[in-house]
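Trainee: Next up is a structure, given as structure tokens.
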Amino acid sequence: MSGMPPGPAEATPVSRVERPVDCLHGLMLRPPVVLWDGARYRGSRLVRAPLADARSQPGVVSVVQCAEFIGVVAVGALYAGQALASLAPVWRAPEGGVHEAPAGTPPASAGVSHADAPSTPARYVWRTAGSDVPAGIEVVVWCADHHAGVWLPPCPAPAQWLVRRELAALLRLAPDALELHVLEGGASGLHPLSLMDAAAEAALLSQAVGRPVGVPCRGEHPAALALSAVPADAFGADAPAEDAVSAPPPRAGATGPRLRAESPWGVRPSLARLLSEPDSAHAVAGAGVQPAGAVAAGRGAVAGAAHVGVHELNAAQVFAQESLWHEQALARGEDPLAWRVRQMPDGPGRVLAQQVVESAALGAHAPQRGPASDGLLHGRGLATAQVQCTDDDGGSRMVWSAWVAQVRVQPRTGEVDVTRVVAGQDSAHLQAVQVASTHRRIVQDPALLASARELLGAPAAFDDWAPRAGAGTTDGGGDSALARHTGALAPAAQGAVAEGRLAVDGVLTLPAAAAIANAIHDATGVRLREAPFEREALRLALSAGAGAARRPGRLRRGWAWLASGAAGLAGLAAMAWPVKPALPLTEGPDVSLYSEQVIERGRLVAAAGDCIACHTAPGGAPNAGGFALETPFGTIYSTNITPDNETGIGRWSYAAFERAMREGIHQDGRQLYPAFPYTAFAKLSDADMQALYGYLMAQPPVQAEAPETRLAFPYSLRPAIAGWNALFHDPTPFTPDPGRSVEWNRGAYLVQGAGHCAACHSPRNSLGAEKTGIHYLAGGAAEGWQAPALNRLADGPLPWTREELYQYLRTGYAARHGVAAGPMAPVIHGLAELPDSDVRAITTYLMALPGETDAGGVASAQAGAKAAAAPAGPAGAPAQADTARLFPQHANGERIYQNACAVCHEAGSGPTLFGVKPLLGLNTNLHAATPDNLIQVILNGIQTPADDALGYMPAFRDSLDDRQIADLVGYLRSRFAPGQPAWREVADAAGRMRAAGHTTHEQGEAQQAE
């Protein structure tokens, strides 16, 4: 198969220190809809955007606009993000009308979407995989004197070639005027389009400012390659041959399927070129991959841009053709396998297909189309492919491959398992699964079976952790207990699937998708026309016709209800029993049995749970315990969870560890206080629990004895906690909601489980238990701070948008809400370790509590936010001369503000001295029901920000007394939240917090001294 043409001379490897040290930071505003028809931009058009507001933001060097392209250049990444978030662009939608995006709201798709094509009886879609880019990967470009230097992260030669050709077209430079440097290190795994987009954005911004600009790489979102079945005469007698593609020539009298493409086949231009040159945005020069007679785009269609290579074309084509053959056979009342073989032309392909079908029949025991004795639905499907391949000597030949796949389907959940694969090919020049030298091979290799399952789409599991870049690739086969639970962490082959191939061999596995789709149709009667396949689509289709599936009778359901009820009562009795046995100590696990991937999974679980924050004393070793947790019942000290044999958990068995995490029982049988959030950790899946155990046991042991917790009577009676557990603790692991999306379930799992968000953000009753129901995530308290409600984020005087919440969780800062401080800062540190998809999932779940507002609600919320900030004037604050007149009762507070706060928080009052410059008129703390968080920030400052780039805030504990703090807080409330009632007894609250802070500080010093 042909690939991307070779580029010019190889890029020069350089070390990271050779990048420009005075690099600026850039970001581009992406429209809501980005469409491309192969020659012109067809997406959203910019109506207006307040560029002056962005230019006035601190740290901004330039705001660049060229046609639909808007980019920001700033001295730091956070400044660029802050300026971009201040824009509230108005876009004209492709179909007409206006789309007004709230400030900071991202496009519906940060990648490139496809326009809806006219509905057809049979439309087949091959979805390419997206990519998730680790944080911190960027491209730097420096344009000067008709030359450009480009610094790329580690990437293969084809990606370098793509960047060179695209920048040459964008900057109107000869390819040799671009000097490419590839930084040293392992491959970054970036999608080529992500690299190209970042390079093009950086190039346009650097050209505008004449200085080096770095732009972060963003994930390439999935694209969809669509083929539609049309009548044979739809093309007309005079239509060129390349306007359609048919299946391999049918036998006399048979009519083969004919297909039309809905997308341009080629490498799309960069988003920067699409937007800056909307009327002449042709494909990357020389990168088209439309073989003669393959398939052509439907004329006049406005289709989404996609990175389409030869492999994707072949995969989409074979998937559509072979699915149509299966459907035609059923329409004629024929057996699909036998009929498909009969329609193939005489020759090697037909012989191969016949042999594969015969080999598959030798082991075919399951019934077809209907439930078997196990209640599952079974089916088989056949598909073939003929592809032109290039031999090692440069010659080409046609290669045949054939597949028979056998599946079983769980009708209740839609879960599909490929149970058996028989495949064949007739080339001696292909790689992998070569079992003989003959040119025709029939293979039943386990690797084929494993690879075929990759086509079943993203797993609908809630506990799948994506491996991070640089993580180990061993699959943990040496540890049978873990291997059972970590199959989802096997090295992914998304790139191979995205190019139409599986992990074994590109040509051999081309028929895989159609064979599996035909088998699913054979088993269920449901036709899946999008590959890779999603379980949810099949589940919904089966639910619509659920009467055909076998269901347990009423008697069986009754017995099941009684059994589950009895089990629940037994569990409650065991939980309430106050005396728990000690579990024996062991020699500790052999950590060499844990694969690198399992340990990495455990690290991510620990990061989501932020274990280190509570299990590390000030100045102490990580996870060595001794951190003082202030509760209404007294001070509780965290324990040592390093694998030290004497003072830690080094001799704990997995059973002891799991019992502590799920039931709150120490290895020695003691009840653990629920300040340790085992009520949330019980939600962890078995796979995550085992991975967390493996990760903790693989860390360096630290010998450190934590202070003993001594609570006053009756809270010192640990056995009484058994009764508390019986009342308030549910040890059941998380159960996903089948009516919700995978992303929602993933977010719910993280929030309710490892993230234990309710521990701080839910109110508690008099016995210290989290309130549930309508009080779930309705706001709580932690370490003297008020944790805001998370169950109405889309409502209130300063509503959150999805993108604002995502940016806050990802960076610790949202321009319209403020900076993460207090106990939330270490949470942001933990979330920074998680994959981007997990932070998005958390955002999805939280924004859905209890329900999201519609577009009108978002617009109304935005107007409310503007009204709240109205007294601040156009720059975010009134002129200094007017403040005494506007707030005469707060003259003293205004003087304190001007002397201590304005230099950092007053818009337009000078340079930014300490990181970002939050506008107080949009700060969530100033609109809160209590002044607690504002007082905490004033007293203690921000000494450990969620991100160093956010900057620090000095503490005023020793500079301002309680009365002065009350005056300052009163002024801030009146000026920046004029619609809110004044807070009362602020001085008393400041005194209490000052005293509590002194106590905590003294305890920390005592712990360090010990």
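Read-outs throughout are calculated quantities, based only on the coordinates presented, and are distinct from any laboratory measurement. On a predicted model such as this, the values are computed, not experimentally measured, just so you know. Every residue, glycine as well, gets a Cβ built from its backbone with ideal geometry; the counts of neighbours run over all protein chains shown.
Trainee: Return the FRET efficiency for the residue pair Ala582, Thr413: r is the Cβ-Cβ distance, R0 is 51 Å, and the value is rounded to the nearest 0.05.
Mentor: Taking R0 as 51 Å, the efficiency between Ala582 and Thr413 is 0.80.
Trainee: Same structure again: Assign one of three labels to the range 709-821, namely rounded, prolate or oblate, based on the Cα gyration tensor with a ≥ b ≥ c the square roots of its eigenvalues; rounded applies when a/c is under 1.5, prolate when it is not and a/b is larger than b/c, and oblate otherwise.
Mentor: On the way: a/c = 2.43, a/b = 1.50, b/c = 1.62.
In terms of gyration-tensor shape, oblate.
Trainee: Under the 0.36 nm per residue contour assumption, what length would be gained going from the current alpha-carbon distance of Ile612 and Glu705 to full extension? Mind showing how you got there, number by number?
Mentor: Numbers: separation 93, 0.36 × 93 = 33.48 nm, distance 1.63 nm.
Here the segment from Ile612 to Glu705 would lengthen by 31.8 nm.
Trainee: Run the numbers for Glu646 and Ser741: contour at 0.36 nm per residue of separation, minus the present Cα-Cα distance, in nm. Write down the numbers at each step before the final one.
Mentor: Details: separation 95, 0.36 × 95 = 34.20 nm, distance 4.55 nm.
Gain on stretching Glu646 to Ser741: 29.7 nm.
Trainee: Which of Ser56, Ser44 has the fewest other C-beta atoms within 10 Å, and how do the rest follow up to the most? If you can, show how the numbers build up before the last one.
Mentor: Details: Ser56 17, Ser44 25.
By the 10 Å Cβ count, ascending, the order reads Ser56, Ser44.
Trainee: Would you calculate the separation in nanometres between label points at Arg670 and Glu783, each defined as 7 Å from the Cα along the Cα-to-beta-carbon direction?
Mentor: Here the modelled spin labels are 2.4 nm apart.
Trainee: Once a ≥ b ≥ c are taken as the square roots of the eigenvalues of the Cα gyration tensor of the range 615-720, is the result rounded (a/c under 1.5), prolate (a/b larger than b/c) or oblate (a/b not larger than b/c)? Provide the component values of the computation, followed by the final result.
Mentor: Values: a/c = 1.80, a/b = 1.22, b/c = 1.47.
Cα axes put the range 615-720 in the oblate bin.
Trainee: What is the fewest-to-most order of Asp737, Asp22, Asp932 by other Cβ atoms lying within 10 Å of their Cβ? Each step should come with its number before you reach the end.
Mentor: Values: Asp737 11, Asp22 7, Asp932 21.
By the 10 Å Cβ count, ascending, the order reads Asp22, Asp737, Asp932.
Trainee: Search the structure for amide H atoms under 5 Å from the amide H of Arg127, placed 1.01 Å from N in the peptide plane, and list their residues when 5 or more places away or on another chain.
Mentor: HN-HN under 5 Å from Arg127: Leu225, Ala531.
Trainee: Just want the ordering: Ile516, Ile842, from fewest to most Cβ atoms lying within 10 Å of their own Cβ.
Mentor: Numbers: Ile516 29, Ile842 25.
Lowest count first: Ile842, Ile516.
Trainee: Note the full-extension length gain between Asp730 and Leu629 as 0.36 nm times their separation in residues minus their Cα-Cα distance, in nm to one decimal. Display every interim value, and only then the final one.
Mentor: On the way: separation 101, 0.36 × 101 = 36.36 nm, distance 2.33 nm.
That pair, Asp730 and Leu629, stretches by 34.0 nm at full extension.
Trainee: How large is the Kirkwood hydrodynamic radius of the range 925-970, in angstrom, based on all distinct alpha carbon pairs? The partial results should precede the final answer.
Mentor: Working: mean 1/r = 0.0880 Å⁻¹.
Kirkwood radius, the range 925-970: 11.4 Å.
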